[in-house]
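Nothing in this text is a laboratory measurement; each read-out follows from the coordinates by a stated rule. Since the model is a prediction, treat every value here as computed from it, not as a measurement. Heads up, the Cβs are rebuilt from the backbone with ideal geometry, glycines too, and the neighbour counts pull from every protein chain shown.
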Amino acid sequence: MHIFAPLIGGAIAYYSGFAFLYMVGAILIIIGTIPLFLSNDNYEKIEFNPYSIFKKIFSGKERGAMISFSGHAIESIIGRVIWPVFLITILATMEKTGLIVALSMNLQ
């Protein structure tokens, strides 16, 4: 089902514009947060200070996890922000960009 999301988003952007597409996305995000207000909150008390955080992050024990998470963050930024902007810039039209994104999602 996830293959239809770029097609629907592209159709909305093409026929109604990006402002309307933004409004639809914002409304869906707001609707998606409603269950969070209806659930019980569970808190676990954690005592920490900035020094202990940096000490734990840069300790030899956590170095592998820090490198792994840093690489994952960089990869996510490239995949979610830089790559779509690059595609839109190179292809110059929403239709071509939407087609390539939809096809690539179908191949996964």
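Karplus-based coupling profile of region 2-8, in residue order and whole Hz: 5, 5, 7, 4, x, 5, 5, with θ = phi - 60° in 6.51 cos²θ - 1.76 cosθ + 1.60 and x standing for Gly or Pro.
Here the chain is assigned +1 on the Cβ of each Lys and Arg and -1 on the Cβ of each Asp and Glu. Its dipole about the Cα centre then comes out at about 300 debye. What does a probe at Glu62 reach in region 24-53, counting residues whose amide N is under 12 Å from the point 7 Å along Cα→Cβ? What the label zone holds, given the 12 Å backbone N cut-off, is 48-53.
In the neighborhood of Glu62, defined by Cβ-to-Cβ distances under 10 Å, what is the net charge if each Lys or Arg adds +1 and each Asp or Glu adds -1?
On the way: positive: Lys55, Lys56, Lys61, Arg63; negative: none.
So the surrounding residues net to +4.
Would you mind getting the Kirkwood hydrodynamic radius of the chain from its Cα pairs, rounded to one decimal in Å? Present the calculation step by step, with values, prior to reporting the outcome.
Numbers: mean 1/r = 0.0555 Å⁻¹.
Answer for the chain: a Kirkwood hydrodynamic radius of 18.0 Å.
What is the distance in Å between the Cα centres of region 52-108 and region 15-44? Taking the Cα centre of region 15-44 as reference, the centre of region 52-108 is 23 Å away.
Over region 1-40, the alpha carbon radius of gyration divided by the compact-protein estimate 2.2 N^0.38 Å works out to 1.44.
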